Amino acid sequence: MTKIENILRAIKEDLLPLTRKGVEEGNHVFGGLVLDAGSLKTIVAGTNNRQGNPIFHGEIDTIMRFFSMKDHPDPSECIFVASHDPCSMCISAIAWSGFKEIWVLFGYEDVAKDFEMPVDLIMYKEIFGAEGAKEKNLFFRKYSIKHELEKEPDPSALMEQINEIANIYSSLEVKDFNYPGMQSHER
């Protein structure tokens, strides 16, 4: 199996069941995985827990679970997988945690359009004057699974898997959420 095939398998088998349970409890669909860079096996999965705390995003939950493991591997020897492109808080937490390789399934454009949750892009623009995190920087290299498909032996089969996963995510009914701190005001 290729790296992308393993990542998609981990999302389906290890992340989606956790996400489904979280959404049923009133949380968002966002989640993350930490994979061993060598074997590509899941070390830990986490999902959004905004009901407990508005900053407990899926990536934060994943990082907290990872570092609470006794004898966890060095983050630089792992791959961080985010179901959706991380918000500014989460991408910073991933960088601070020492993960050097990040893979993302759904990009910011998917989150805004298909998931109707543009607040991450709004926050990047409003607070940082940016369109999102740079893919390559001093801290990490971020890859889009969808953009990397063309390098794979059978991109159409992988796109079918992505569409299947996207349909599962789309079927999850996320409850309305008021974003604390976000003000509506005239400029």
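The values are calculated or read from the model by the stated rules, or taken from the named source; none is laboratory data. Being a predicted model, the structure only gives us computed values, none of them experimental. Reconstructed Cβ throughout: ideal geometry from the backbone, glycine too, with neighbour counts over all protein chains shown. Just the protein is used for accessible areas: all its heavy atoms, side chains included, with ligands, DNA and RNA removed. Shrake-Rupley method; radii C 1.70, N 1.55, O 1.52, S 1.80 Å.
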- Message: If I filter segment 136-173 down to residues being of a type in the set (Asp, Glu) and under 21 Å from Ala10 (Cβ atoms), which single residue comes out as most open to solvent (accessible area, probe 1.4 Å)?
- Response: Glu160
- Item | Hits in segment 55-79 (condition: over 20 Å from Ile11 (Cβ atoms) and in contact with a Phe, Trp or Tyr (Cβ under 8 Å, 6 or more places away or on another chain)) | His72, Ser76
- Could you pull out the residue among Asp14, Asp71 that is surrounded by fewer than 20 Cβ atoms within 10 Å (Cβ to Cβ), acidic (Asp, Glu) and touching a Ser or Thr at 6+ places or on another chain (Cβ under 9 Å)? Asp14
- Since Ser39 meets every condition but one in (1) within 22 Å of Arg9 (Cα to Cα); (2) in contact (Cβ under 8 Å) with a residue 24 or more places away in the chain, which condition does it not meet? (2)
- Within segment 132-148, which residues are under 12 Å from Gly107 (Cα atoms) and either assigned to a helix (DSSP H, G or I) or at pLDDT below 95 (or both)? Gly132, Ala133, Glu135, Ile145, Lys146, His147
